[in-house]
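What follows is a short report on a single structure.
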Amino acid sequence: MNTVVDTALWLLGGALLSVIIARTYDFVFFRKFDLQEAILDGNLSASIFFGLMALGVSLIVFAVLMSPSASNVIEDVVLTILWSFGTTFIATIVFYICDRILLPKVKLEEEIKRGNVAAGVFSGLIYLLVSIIAVSIILT
């Protein structure tokens, strides 16, 4: 029974953490559009972008839980939160590097706001890529 409760709590906690991080980054960094308004307007690009970001966070939660270094629940929770926010912060830096240097003619945030699906997929994959690299670091 304890395993079922633990599993349910990690499912709830991981999902909640993903939502909190996506909303935090929506509020703090991505100022050109509001996620909630974009989804209400049917902006597929914004949905894909933030969905991939949330998927990246869930991969971090998975990696911390599978990591042999975590020894207790409190340590698991702290590591999950730190890795999730840290990885997402690094991914945001990479996003802005791509936006300003790699693709100077394309303003990714503005394109996502306009509904450009290619910009949403590309931007979301940046977050997923950084998360996958972090997963490999956590699991080694």
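Each value in this text was obtained by applying a stated rule to the coordinates, not by laboratory testing. Every value quoted in this text rests on a predicted model; they were computed, and no experiment measured them. Methodologically, a virtual Cβ is constructed for each residue, glycine included, from the backbone with ideal geometry; neighbour enumeration extends over all protein chains shown.
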Inset, instruction - Find which of 103, 90, 62 sits farthest along the positive direction of the dipole of the stretch 55-140, computed with +1 on the beta-carbon of Lys and Arg, -1 on that of Asp and Glu, about the Cα centre. - result: 103
Inset, instruction - Work from the charge dipole of the chain (Cβ charges, +1 for Lys and Arg, -1 for Asp and Glu, about the Cα centre) and give the residue of 12, 129, 74 farthest towards its positive end. - result: 129
Legend entry - Inter-centroid distance (Cα atoms) of the stretch 24-57 relative to the stretch 111-130, Å: 10
Inset, instruction - Kindly put 96, 25, 127 in sequence by how many other C-beta atoms sit within 10 Å of each C-beta, fewest to most. - result: 96, 25, 127
Inset, instruction - Evaluate the charge dipole of the chain about its Cα centre and quote only its size in Debye, nearest 20, assuming +1 on the Cβ of each Lys and Arg and -1 on the Cβ of each Asp and Glu. - result: 400
Legend entry - Shape call, the stretch 21-67: gyration tensor on alpha carbons, a/c limit 1.5: prolate
Inset, instruction - Quick one: among 123, 67, 58, which has the greatest mean-square fluctuation in a GNM of the chain with alpha-carbon springs under 10 angstrom? - result: 67
Inset, instruction - Name the residue, out of 97, 48, 74, whose mean-square fluctuation peaks in a Gaussian network model built on the chain with Cα pairs under 10 Å. - result: 74
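Could you please rank 117, 57, placing first whichever residue has the fewest other Cβ atoms within 10 Å of its Cβ?
117, 57
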Inset, instruction - Rank these for me by crowding, 88, 140, going from fewest to most other beta carbons within 10 Å. - result: 140, 88
Inset, instruction - On a 0 to 90° scale, report how tilted helix 73-97 is relative to the longest principal axis of the chain, with both axes built from alpha carbons and the result rounded to the nearest 10. - result: 20
Legend entry - Structure-derived semi-axes √(5λ) of the Cα gyration tensor in Å - corresponding label in (1) 37, 14, 13; (2) 22, 17, 14; (3) 29, 17, 11: (3)
